[in-house]
Amino acid sequence: MGDAVDSLAKVPDGSINTVVTSPPYWAVRDYGHDGQLGLEAEVDDYVDRLVKIFREVHRTLADDGSVWLNIGDSYFGKTITVNGRPPRTGWKRNKQLTLVPFRVALALQEDGWWVRNTAVWHKTNAMPASMRDRLTNSWEPVFLLTKSDRYYFDLDSIRVPHKTSDEVERKRAESGSAKGKAQDRPELRQWLNSPRHRATIDGIKEVERRPNAPEAVELAGYLRGALKEKKKSIGWVAEQLGLPFERTRHYFRTDKIGSRLPPPEVWEQLKELLDLDTQYDEAMAVELGDNVFRNHPKGRNPGDVLRIPVAASSSNHFAVMPRQLAEFALKATLPKNGSCLDPFMGSGTSGRVARQLGGRFVGVDVNADYMTEYLVDSGIISPDTETLW
Ligand SMILES: C[S@@+](CC[C@H](N)C(=O)[O-])C[C@H]1O[C@@H](n2cnc3c(N)ncnc32)[C@H](O)[C@@H]1O
């Protein structure tokens, strides 16, 4: 219980797998607690404070961890005033959208976070607004943030059914009048009725794939070792291959930006030139496949628009996160027996869902009553437990 920054200081480094959270939005609601976030006089102060809280979140997060951050927007005007009046300085004017979620996302990106998605939470039951000079706001951003470009993400657990199945398309094509490019090409007919496949219907082109290929950086390290052992230079290799030095150099570069895997024919030549052993034979093996894109057997990627109704607020909480939103997020980023953190837990939706999915939960809130209610509700403490804080 307490302010997010102070309480997070007690959470060990790297101990959290995922965070699902929705902080108080700027200048929208008074949670009636000293030290609460969201009532800063200036939007920049709100952003700075969140960045500081997220520095602590970053520390507690495992290297392959991730954060789902839901923040809503607000307009300057009635609720956001300066000295009791709608502001009129610079861009800060009455009726301006503050764009605060994006200010936060940009600031977090500057502070070292990776922004991997701006998912749209489309509130399917959003109330139409009465204003006549703009659209009703019916969505909020949900940012997926990570500590690095590699992180735990179980896409399979959130896949959704394909709109059309390969089987249906095949039947349609068989019964239909497949003409044109697929005339006399029965092997192509099955793809004809699907817009998904039209781009490649010119013919099945064979493409070479390396399904187990190592990272280019890793292979470059190995090639450098072999080069050293042979006491040869990259220039010498380029000459033997008959390739420009600049191109050959990329196969030996151990930085992510410049490193490239050699194409199959060059790899074969390198193996001979540098007397390479067999350790990468399997990983560099080439498979032939057609370039017709088929349905993934486990369903399609759900996309970044999440159609979820707003949850009804309970007697004690105004801004409760819909269970469905927490469930979607946690299925993707909470590993088996993993831990979830919410530094602004409120009624504890992310905690309830995380525990239901078999995970552990660490929650923080400035409001002791919220936390007590969560602990009683979840059966962690009994209702007659003495004051905890
Ligand atoms: C939008 S609500 C979170 C709702 C929550 N996701 C749920 O499903 O109920 C934001 C919460 O942040 C808490 N809060 C405000 N300022 C805080 C701070 N400085 N540190 C920790 N929690 C804070 C509020 O008490 C409120 O419960």
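The values are calculated or read from the model by the stated rules, or taken from the named source; none is laboratory data. Here the structure is a predicted model, which is why all the values come from computation and not from measurement. Note that we place each Cβ from the backbone using ideal geometry, even for glycine, and neighbour counts take in every protein chain shown. Each accessible area value is taken on the protein alone, full model and side chains, heavy atoms only, with ligands, DNA and RNA left out. Shrake-Rupley method; radii C 1.70, N 1.55, O 1.52, S 1.80 Å.
The set of residues in the range 28-41 that are surrounded by 14 or more Cβ atoms within 10 Å (Cβ to Cβ) and either among the acidic types (Asp, Glu) or over 25 Å from Ser313 (Cα atoms) (or both) contains only Glu40.
Which one of Leu325, Leu341, Leu330 is more than 19 Å from Pro24 (Cα to Cα) and in contact (Cβ under 8 Å) with a residue 12 or more places away in the chain? Within the list Leu325, Leu341, Leu330, the selection yields Leu330. Looking only at residues in the range 65-114 that are of a type in the set (Lys, Arg) and closer than 19 Å to Arg29 by Cβ, the one that is modelled with the lowest pLDDT is Lys78. Name the pairs: first residue in the range 22-40 and free of Cβ contacts under 8 Å to residues at least 40 places away in the same chain and within 19 Å of Val310 (Cβ to Cβ), second residue in a loop (DSSP other than H, G, I, E, B) and more than 8 Å from the ligand (Cβ to nearest atom), Cβ to Cβ under 6 Å, at least 6 apart or on different chains? Qualifying pairs under 6 Å: Gly38/Trp26.
The residues of the range 316-358 that are open to solvent by 10 Å² or more (accessible area, probe 1.4 Å) and more than 13 Å from the ligand (Cβ to nearest atom), listed by number, are Phe328, Lys331, Leu334, Pro335, Lys336, Asn337, Arg355, Gln356, Leu357, Gly358. If you check Phe153 against the conditions, is it open to solvent by 70 Å² or more (accessible area, probe 1.4 Å), closer than 30 Å to Arg300 by Cα, in contact with a helix residue (DSSP H, G or I) (Cβ under 8 Å, 6 or more places away or on another chain) and at pLDDT 95 or above? Against the criterion (open to solvent by 70 Å² or more (accessible area, probe 1.4 Å), closer than 30 Å to Arg300 by Cα, in contact with a helix residue (DSSP H, G or I) (Cβ under 8 Å, 6 or more places away or on another chain) and at pLDDT 95 or above), Phe153 qualifies. If the condition is being open to solvent by 40 Å² or more (accessible area, probe 1.4 Å), within 11 Å of the ligand (Cβ to nearest atom) and among the hydrophobic types (A, V, I, L, M, F, W, C), then the range 1-27 contributes Met1, Val5. Checked against (1) assigned to a loop (DSSP other than H, G, I, E, B); (2) modelled with pLDDT of 95 or more, Gly379 passes all but condition (2). State yes or no: is Val366 assigned to a loop (DSSP other than H, G, I, E, B), open to solvent by less than 40 Å² (accessible area, probe 1.4 Å) and within 16 Å of the ligand (Cβ to nearest atom)? For Val366, the condition - assigned to a loop (DSSP other than H, G, I, E, B), open to solvent by less than 40 Å² (accessible area, probe 1.4 Å) and within 16 Å of the ligand (Cβ to nearest atom) - is met.
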